[in-house]
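The values are calculated or read from the model by the stated rules, or taken from the named source; none is laboratory data. Here the structure is a predicted model, which is why all the values come from computation and not from measurement. Cβ sites come from the backbone with ideal geometry, for glycine too, and all protein chains shown count toward neighbours.
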Amino acid sequence: MAKAFRASAGIMLAPAVTLIGVFVLLPMLLTIWLSFQDWSTQTPFSEASFVGLGNFHEIFGPTSVGRDFKTALLNTAIYTALSVVLILPLSVVFGLLVYQREVAGGTALRTVLFSTYMVPMIAVALVWSKLYAPSEGPLNQLLGLVGIGPQPWLSSPRSALISIVLLNVWQQVGYFTVLAIAGLTQIPGSLYEAATLDGANGREQFRFITLPLLRRTLLFSAVIAIINAVQVFEPVALITQGGPVGSSNVLTYHIRRVGIERAQGGLGSAMAVMLMLSLIVCVSALFAFVNRKDSE
Amino acid sequence: MSLARISKLALAAALVALPATGWAQSVNISYLTHWSPETVALLEAAAKDFSTTHPNVAVTVRAVPFGDLLTTLRSQGGSSDGPTIGGIYDLWLPELARDKLVAPAPDAVANEVKSAWPAGVVSAASVGGTLYGIPNEIDVYALNYNKELFKKAGIAAPPKTWAEFKDAAAKLTDKDKGQQGFGMINSWAAGVVHPFASLLVSNGGNLVKDGKPALDSPQAGETFALYEDLIKSGVSNPAMATADANTTGPFLDNFVSGKTGMIIMANWWESALKTGMGDKFSQVATAPIPVGPSGDKPHSISYSWMTVVNAKAGEAEQKAAWEFLAWLNSPKSGKNGASAMSDILMSMGILPSRTSDIEAHKDKLGSEFLSGYVSVLADARPFPVVLGGQEFSESLQQTLEALQYGQVSAKDAQANAQADATSILERAAK
């Protein structure tokens with residue numbers, strides 16, 4: 001009986017497992033194999049030659065290849081950390097504001113917040129590159145009205161990456177607000193009523209009821225925000241091309257430059273493997289942290 | 001005659017006629033370029049003219065931004081369904097030829113090119129003596145300056161030496177008005193490297209000599225030091241320098257709005273300046289690159305573009321593509337003995353490279369803006385076309401940008417640039 005059950009389960013799972021194997025696992029394994037090869041993306045796989053850890057040695061080495069990779073890795077880490085740190089609290093704040101059903105215009109505000117997520121990145125890039133323009137840009141003109149001098153935004157290595165982060169936060173916060181609202185709807189109203197009867201004020205209710213019960217939602221939001229941020233490509237390709245001085249050069253954009261533009265498939269694959277490993281480590285650490293908190 | 005016999009004869013006749021029918025069928029070829037929609041329309045009109053004499057060949061034109069051109073060629077050029085013809089920058093040719101993405105020119109085309117184009121341009125379109133493309137444009141760098149700002153600053157003539165150049169840049173700088181004397185470029189590899197290389201060759205130096213990087217020379221050291229001086233003295237502001245190959249961004253905005261006194265740019269810049277400045281375009285003048293303390297006379301950097309044919313395209317498509325390109329670049333296709341290609345290029349202010357095209361466009365090439373470029377062409381040094389050239393260029397861009405933003409000293413920038421270039425060119429040559 002159990003044998004027949006296992007066989008039928010296997011048959012039913014086979015299509016999905018095969019598809020995942022062909023379209024997800026196989027490309028991943030191929031990328032890992034290529035990371036140990038010297039291979040031009042313009043030649044067949046048969047022309048790849050084994051170089052062991054040579055590509056990894058190169059991308060962490062002192063030459064321009066290593067320097068550019070390490071800069072791109074660091075930029076991606078900064079971009080991801082800043083994006084998550086800004087998006088998650090803002091999404092909770094906006095979620096709490098919008099979730100107040102009795103507030104007039106709540107639905108309209110929710111629509112406006114989510115609409116930024118639906119705008120195509122090319123349109124966002126065009127508008128924001130003009131907003132950030134050093135002399136005639138509206139942002140600097142607004143700052144001028146309150147007595148703050150013009151900021152270099154995208155023109156300075158100190159602020160280019162942060163400027164891209166702000167653009168990302170503006171575009172993504174609506175989506176994460178919707179997730180936060182979904183989490184808030186799952187919290188029973190009776191808990192707040194009981195807390196109110198017990199004399200808990202709004203801040204205490206947020207700290208001891210809302211935040212703990214939003215933990216699962218926030219974990220999901222954090223994982224999605226990290227994956228989205230690590231995969232950032234479009235704003236960099238459309239606005240800064242990684243500059244100035246490589247200050248906004250993120251890994252996906254750099255891998256495209258190395259692997260496709262320069263056809264250095266082995267080096268590009270080694271960089272992609274490192275990106276994948278970094279992502280796995282980050283997400284696993286996050287899950288481990290939340291699970292530990294849960295067990296406490 | 002029996003029915004069976006008639007059927008056999010009909011089948012045999014059909015088999016014999018099949019290859020001829022195949023040749024008579026239309027051939028579709030595609031042309032990948034980075035030109036603007038207005039220029040693409042001119043190319044499409046030329047393709048239409050071609051189809052009147054070649055009704056079986058249909059040419060479609062596809063345009064992508066310059067920044068995506070190489071990626072598109074690399075990602076789609078390896079397939080028979082990729083673009084049949086591609087317009088490419090000469091620096092990309094060695095690697096595209098090594099990876100067998102571009103087809104060698106047929107003998108007839110190669111012989112025509114070798115006899116009708118200057119030898120230097122032919123060599124930039126060749127790898128190991130084999131011609132891969134039909135050259136079309138040549139670009140050269142010169143000093144552009146705003147005559148109105150020069151007049152206001154009391155500068156009578158464009159600078160001829162680096163000393164005069166630094167002096168003029170200081171006089172043109174007015175920080176209260178947000179005005180800089182000399183505009184550098186950042187965020188775009190060729191835009192950063194070519195003006196630097198033009199100053200370097202005008203100081204008697206080279207980027208690459210005998211296939212090896214030559215950035216450790218005293219002449220290169222002086223050029224890095226010049227950049228450091230210009231930044232430290234405040235006559236060049238890197239925050240005003242962002243640009244891309246589509247000539248958008250603060251670099252263009254600042255020059256067209258009269259906030260930058262001098263820049264070093266190529267001739268193809270003319271159309272962007274005209275669009276940005278309107279009537280004020282007449283304020284722009286061109287002069288040779290100022291000569292450095294170790295230089296003998298003004299030189300500048302030149303580079304060329306060419307059209308290549310996809311080596312993976314079918315035989316009929318390749319044949320049609322070479323026929324189209326030979327026609328497009330021949331004196332028969334344009335006006336008054338010029339090629340249709342040169343007419344398209346001249347609409348953008350780009351210098352054609354075919355000898356007969358230069359003659360045919362003599363009048364327009366004598367305009368105040370372009371004549372300054374034509375005059376420096378004879379002493380221009382071609383940008384080194386070597387394996388790894390694009391990576392070398394991007395690496396030098398990073399170093400120069402770090403120098404612009406004060407992250408490294410001129411001395412360190414020179415050492416880094418030489419070390420990086422050595423490692424890149426050695427790896428590419430393996």
Grab the helices (runs of 4 or more DSSP H) fully contained in the stretch B:360-430, keeping just those with 2 or more residues being under 20 Å from the mean Cα position of the chain (by Cα) and of a type in the set (Asp, Glu). B:389-404
Is at least one residue of the stretch A:279-296 buried (at least 23 other Cβ atoms within 10 Å of the Cβ), in contact (Cβ under 8 Å) with a residue 24 or more places away in the chain and not hydrophobic (A, V, I, L, M, F, W, C)? no
Any residue in the stretch B:247-274 that is on the phi > 0 side of the Ramachandran plot sitting within a Cβ distance under 9 Å of a residue that is of a type in the set (Phe, Trp, Tyr) and in a helix (DSSP H, G or I)? List the pairs, counting only those 6 or more apart or interchain. B:247/B:268; B:247/B:269
Taking residue A:164 as the residue in question, decide whether it is closer than 28 Å to residue B:254 by Cβ, under 21 Å from the mean Cα position of the chain (by Cα) and surrounded by fewer than 14 Cβ atoms within 10 Å (Cβ to Cβ). no
Looking at (1) within 19 Å of the chain's Cα centre (by Cα); (2) assigned to a loop (DSSP other than H, G, I, E, B), which is the only condition residue B:193 fails? (2)
Test: residue in the stretch B:341-350 that is on the phi < 0 side of the Ramachandran plot, outside the structural domain of residue B:159 (by TED's automatic domain parsing), over 18 Å from the mean Cα position of the chain (by Cα) and touching a residue at least 40 places away in the same chain (Cβ under 8 Å): no
Would you check which residues across the stretch B:368-421 are within 11 Å of another protein chain (Cβ to nearest Cβ) and of a type in the set (Asp, Glu) and list them? B:391, B:394, B:401, B:420
Residues that are within 14 Å of another protein chain (Cβ to nearest Cβ) and either surrounded by 11 or more Cβ atoms within 10 Å (Cβ to Cβ) or within 30 Å of the chain's Cα centre (by Cα) (or both): does the stretch A:14-32 have at least one? no
Within the stretch A:34-77, residues at the interface with another protein chain (Cβ under 9 Å from one of its Cβ atoms), of a type in the set (Val, Ile, Thr) and in contact with an Asp or Glu (Cβ under 8 Å, 6 or more places away or on another chain) come out as A:43, A:63, A:65
Quick one: residue A:146 ticks every box in (1) touching a helix residue (DSSP H, G or I) at 6+ places or on another chain (Cβ under 8 Å); (2) surrounded by fewer than 11 Cβ atoms within 10 Å (Cβ to Cβ) bar one, so which box is it? (1)
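For (1) among the charged types (D, E, K, R); (2) in contact with an Asp or Glu (Cβ under 8 Å, 6 or more places away or on another chain); (3) surrounded by 19 or more Cβ atoms within 10 Å (Cβ to Cβ), each residue gets a yes or a no:
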residue	(1), (2), (3)
B:338	no, yes, yes
B:342	no, yes, yes
B:349	no, yes, yes
B:359	yes, no, no
B:369	no, yes, yes
B:384	no, no, yes
B:393	no, no, yes
B:425	no, no, yes
B:428	no, yes, yes
Need the failing condition index for residue B:426 against (1) more than 11 Å from every other protein chain (Cβ to nearest Cβ); (2) without any contact (Cβ under 8 Å) to a residue 40 or more places away in the chain, just the number. (1)
Within the stretch B:235-248, does at least one residue satisfy the condition of being part of a strand (DSSP E or B), within 14 Å of chain A (Cβ to nearest Cβ) and modelled with pLDDT under 95? yes
So residue B:304, is it surrounded by 17 or more Cβ atoms within 10 Å (Cβ to Cβ), of a type in the set (S, T, N, Q) and under 23 Å from the mean Cα position of the chain (by Cα): yes
If a residue counts only when it is touching a Leu at 6+ places or on another chain (Cβ under 9 Å), which helices (runs of 4 or more DSSP H) contained entirely in the stretch B:250-343 have at least 3 such residues? B:250-256, B:270-277
Got at least one residue in the stretch B:68-88 being on the phi > 0 side of the Ramachandran plot and part of a loop (DSSP other than H, G, I, E, B)? no
Given the residues B:108, B:124, B:103, B:119, which is the only one that is of a type outside the set (D, E, K, R), within 27 Å of residue A:264 (Cβ to Cβ) and over 16 Å from the mean Cα position of the chain (by Cα)? B:103
For residue B:214, state whether it is surrounded by fewer than 20 Cβ atoms within 10 Å (Cβ to Cβ) and within 26 Å of residue B:419 (Cα to Cα). yes
If I go through the stretch B:56-86 residue by residue, how many of them are among the polar types (S, T, N, Q), touching a helix residue (DSSP H, G or I) at 6+ places or on another chain (Cβ under 7 Å) and within 24 Å of residue A:234 (Cα to Cα)? 2
Residue list for the stretch A:2-11, filter: of a type in the set (A, V, I, L, M) and surrounded by 10 or more Cβ atoms within 10 Å (Cβ to Cβ): A:7, A:9
Counted residues in the stretch B:130-188 being part of a strand (DSSP E or B) and touching a residue at least 24 places away in the same chain (Cβ under 8 Å) come to 23
Condition first: among the acidic types (Asp, Glu), out of contact with any Phe, Trp or Tyr (no Cβ under 8 Å at 6 or more places or on another chain) and either part of a loop (DSSP other than H, G, I, E, B) or over 30 Å from residue A:41 (Cβ atoms) (or both). Can you find one or more residues in the stretch B:89-109 that meet it? yes
Members of the stretch B:393-404 found to be in contact (Cβ under 8 Å) with a residue 24 or more places away in the chain and closer than 18 Å to residue A:154 by Cα, listed by number: B:397, B:400, B:401, B:403, B:404
Pairs under 6 Å by beta carbon, first residue more than 10 Å from every other protein chain (Cβ to nearest Cβ) and closer than 19 Å to residue B:321 by Cα in the stretch B:60-77, partner part of a helix (DSSP H, G or I) and modelled with pLDDT of 85 or more, six or more apart or different chains? B:61/B:40; B:61/B:43; B:61/B:44; B:63/B:40
Inspect the stretch B:405-413 for any residue being without any contact (Cβ under 8 Å) to a residue 12 or more places away in the chain and buried (at least 17 other Cβ atoms within 10 Å of the Cβ) and give the result as yes or no. yes
